[in-house]
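Encoded as structure tokens, the structure appears first; notes follow it.
Coordinate-derived values only; no laboratory data. In this text, all values refer to a predicted model and were calculated from it rather than measured experimentally. Cβ atoms come from the backbone with ideal geometry, glycine included; neighbour counts cover every protein chain shown.
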Amino acid sequence: MNKKLVKKAIKKLDEWEEMNAMGKRLRSKEVPVASPELTAQLEEKMIKKFSPFLGKIKDMSNYRFDILFIAFAGYDFQRGLVPGMIPHIRYEHSKKFEKFESRLLDEMSDRADQILLQNISEKSEHPWLEQYPIPRNAKAIILGTHPPMPYNASVKFFYGNIGAFWRLLAEVYPNETFFINDELNLQGIQDFLNRYELGITDMVSQTYNFKFSTDRQMDVAELNPHLKEWLWESEVRDIFITSSSGSNGVLSLFKKWLNRETNYSIKIPEVSAWKNNSFEFSWNGRKFRLIRLFSPSPTAKRGLVRNKSYLSYIEQNPTGNLNTFIVDSYRKLLPLAK
């Protein structure tokens, strides 16, 4: 199977999303009503843009693709409905169907579903993203995904739900007051961030679903629209990511965001190819460094027991455990305690 062709399909789905965005702009005040002629022209343009590529997929040997176009949502822009044609891909397994190829095709199908949801679903806003921009003097930032929703913790701040990340940092920086009487101390956290010239933000600004407790359950609607501006107006060089696996992990979301901002001109390899848990890249003459911090989530911790670095650590530190391993790695990667 032509893997490059499948990857190109994923990029095409992003272009399809742009076509739908064009339809949304047309329902602005400038065009209050769309005539049947206009909507017909839109349909024709969308089909022409995508159908030649679909023809190439359908001709691929050893696989059968049924491309189903679904016309949805009427044609009355005044009711907030957007005409669109959403590609849904069904495929049958063959003897030569590899897991890698299956994953790519699943991603194509998922992307199409996301575009459909984008047109028919309401969105949930990040509860405090815009309240905490990256400071202009920040030398590094900590990137997360999105808080679990609905958010019920008393402290409305990043990683405030169960405070696991801040508990790890409390062991790395014992002189900081992240907690008072075992309660998360927002002022102490902000003092720490200011002292070490750190910013903190999330990759996701909007979600389609209003209830989820893990990144895997999260249905991403929009990525952080301020991130590029915040980065370029700051002094940030180091970008700490707190999850590096899964399609909704920080690394995957950051790659998707970076691809859109740079038109796929910067390639971020898999974490397994990084050196010392970091990867450097240049963007418009400015150097950045991605640094992986092991995730504090209970699910991620369970997966660490098979990590080669962890197994090596236990061999050298028989009395150690997952928590001491993560804290030790944080000490090596984060700014030195003052």
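Give me the dipole magnitude in Debye, nearest 20, for region 117-226 about the Cα centre, with unit charges on the beta carbon: positive for Lys and Arg, negative for Asp and Glu. Intermediate values should be presented prior to the final figure.
Values: 8 positive and 13 negative charges, 21 e Å.
Roughly 100 debye, rounded to the nearest 20.
Of the peptides 259-266, 161-168, 206-213, how do they stack up when ordered by the mean number of other Cβ atoms within 10 Å, highest first?
Values: 259-266: 12.6, 161-168: 18.9, 206-213: 15.6.
Averaged packing, sorted descending, gives the order 161-168, 206-213, 259-266.
A 25 angstrom limit on the alpha carbon distance is what I want to check against. Which of LYS123/LYS301; LYS139/LYS228; LYS267/LYS287 exceed it? Working shown, then result.
Numbers: LYS123/LYS301 30 Å; LYS139/LYS228 15 Å; LYS267/LYS287 14 Å.
Among LYS123/LYS301; LYS139/LYS228; LYS267/LYS287, the Cα-Cα distance tops 25 Å for LYS123/LYS301.
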Note: SER282 to LYS139 extended length (0.36 nm per residue) minus current alpha-carbon separation gives 49.9 nm
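Just how large is the dipole of region 271-338 about the Cα centre, in debye to the nearest 20, putting +1 at every Lys and Arg Cβ and -1 at every Asp and Glu Cβ? Let's see the in-between values first.
Numbers: 12 positive and 3 negative charges, 47 e Å.
Computed about the Cα centre, the dipole is about 220 debye.
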Among TYR151, ALA138, TYR264, the residue whose Cα sits farthest towards the positive end of the charge dipole of region 129-333, when +1 is placed on the Cβ of each Lys and Arg and -1 on the Cβ of each Asp and Glu, is TYR264
For region 129-333, the dipole about the Cα centre with charges only on Cβ (Lys and Arg +1, Asp and Glu -1), to the nearest 20 debye, works out at 680
Heads up, region 129-333 by the C-alpha gyration tensor (a ≥ b ≥ c square roots of eigenvalues; a/c under 1.5 rounded, else a/b over b/c prolate, else oblate) looks rounded
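Round to the nearest 0.05 the FRET efficiency obtained for VAL271 and GLU315 when R0 = 22 Å and r is the Cβ-Cβ distance.
The calculated FRET efficiency here is 0.50.
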For TRP283, the residues 5 or more places away or on another chain with a placed amide H closer than 5 Å to its own amide H are PHE288
Ordering 276-288, 243-255 by per-residue average of other C-beta atoms within 10 angstrom, highest first, gives 243-255, 276-288
Once both label points are put 7 Å beyond Cα along the C-beta direction, the LYS211-TRP232 separation in nm becomes 4.1
Two pseudo-spin positions, 7 Å from Cα along C-beta at GLN190 and at TYR151, lie apart in nanometres by 1.4
Check: C-alpha center region 270-338 vs C-alpha center region 142-169, spacing in Å is 20
Yeah, region 220-312 with a ≥ b ≥ c from its alpha-carbon gyration tensor (a/c under 1.5 is rounded, else prolate when a/b outruns b/c, oblate otherwise) is prolate
